[in-house]
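For reference, the structure discussed in these notes is given below.
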Amino acid sequence: MIQRLDKMLSSQGKLSRSGAHKLIAEGAVSVNGTVCRKKDAKLDPEKDTVEINGKTVNYCEHIYIMMNKPAGVLSASNDKKARTVIDILPDNMKRKNLFPAGRLDKDTKGLLIITDDGDFAHRMLSPKKHVEKIYHAVIDGTVGENEKQMFAEGIIFGDGFECMPAELNILDNGTAQICEVIICEGKFHQVKKMFAAVGCTVTYLKRVKIGALALDENLAPGECKMLSRSEADKVFLKDFE
Ligand code: URA
């Protein structure tokens, strides 16, 4: 898509529009090897090579960030009182229009994708697309074959909402049970409400995977890493694909 030089530079996160103007005026910016001092010069960022002081700007239309969300931080773009996942992004990943693709509760940890790509988020979150979200939960209460069956048939909440079929696997049968839950939709407090419907309380919840994209366990809580588009697209694959 044809864009103005200043807009393209400032869309990449590291420069404000006025910062881009300054560099362009100083002659620090070249397009296809020729210094360009026109802030409104038109170019195709997919085809033209733009350099700042001889260093190529690797243009990406959208960005995809994997965060290991810590507990205590809000999955929102901004909030008057609480710290959000956007507030804790490292400076080199900050960019306009970023938002968390789907929400995890404040006390839920684990895999969160932060992006500026609305189509990607919509496709990942739409229950119709059947993208699996995989959670590990520690629960107070007991589940067994009966509850597995109820999850598989679709839990019905107190307000009559019928959940899509989900998978419940028991990972550890100690005093507090550790379970894996696989769901394809994301109603508010969905996993907690599903367990509440079978008489259990979730005391710990972590999202570990979306589709075939697993949380990188090398990321400490609060840490992030950039994903390429093909890495991010793993959310749309099943593990065996
Ligand atoms: N289900 C929940 O109950 N909470 C989350 O944060 C995500 C899924």
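The values are calculated or read from the model by the stated rules, or taken from the named source; none is laboratory data. Everything numeric in this text was worked out from a predicted model, so none of it was measured. Cβ: placed from backbone, ideal geometry, glycine included. Neighbour counts: every protein chain shown. Side chains included, ligands, DNA and RNA excluded: accessible areas come from the protein's heavy atoms. Shrake-Rupley method; radii C 1.70, N 1.55, O 1.52, S 1.80 Å.
What shape does the chain have by the C-alpha gyration tensor, where a ≥ b ≥ c are the square roots of the eigenvalues, rounded means a/c under 1.5, and otherwise prolate means a/b greater than b/c and oblate the rest? Present the calculation step by step, with values, prior to reporting the outcome.
Values: a/c = 3.01, a/b = 2.58, b/c = 1.17.
In terms of gyration-tensor shape, prolate.
Normalised by the number of residues in the chain, the mean separation of alpha-carbon contacts (under 8 Å, six or more apart) gives a relative contact order of 19 percent.
Please say if the range 110-241 is rounded, prolate or oblate, where rounded means a/c under 1.5 for a ≥ b ≥ c the square roots of the C-alpha gyration tensor eigenvalues, and otherwise the choice is prolate for a/b larger than b/c and oblate otherwise? Could the numbers behind the result be given before it?
Details: a/c = 2.06, a/b = 1.49, b/c = 1.38.
Prolate.
The alpha carbon gyration tensor of the range 3-56 gives principal lengths a ≥ b ≥ c with a/c below 1.5, which makes the shape rounded.
Mind scanning Lys129/Lys234; Lys109/Lys209; Lys81/Lys209 and naming the pairs with a C-alpha gap bigger than 21 Å? Please list the in-between numbers first.
Values: Lys129/Lys234 14 Å; Lys109/Lys209 12 Å; Lys81/Lys209 29 Å.
Result: Lys81/Lys209 exceed 21 Å.
The apolar share of the surface of the chain, taken as the fraction of accessible area on carbon and sulfur atoms (1.4 Å probe, ligands and nucleic acids excluded), comes to 49 percent.
Order 147-153, 43-49, 54-60 from most to least packed using the mean count of other Cβ atoms within 10 Å.
Per-residue mean Cβ counts within 10 Å order the peptides as 147-153, 43-49, 54-60.
Note on Thr203 and Cys60: with the Förster distance fixed at 41 Å, the Cβ-Cβ geometry gives a FRET efficiency of about 0.55. Quick one: net charge of Thr84's neighbours, Cβ under 14 Å, K/R +1, D/E -1? Residues near Thr84 contribute +4 overall.
Leaving out ligands and nucleic acids, note down the accessible area per residue over the chain with a 1.4 angstrom probe, in whole Å². Walk me through the intermediate numbers first.
Values: 13040 Å² over 241 residues.
I get 54 Å² per residue for the chain.
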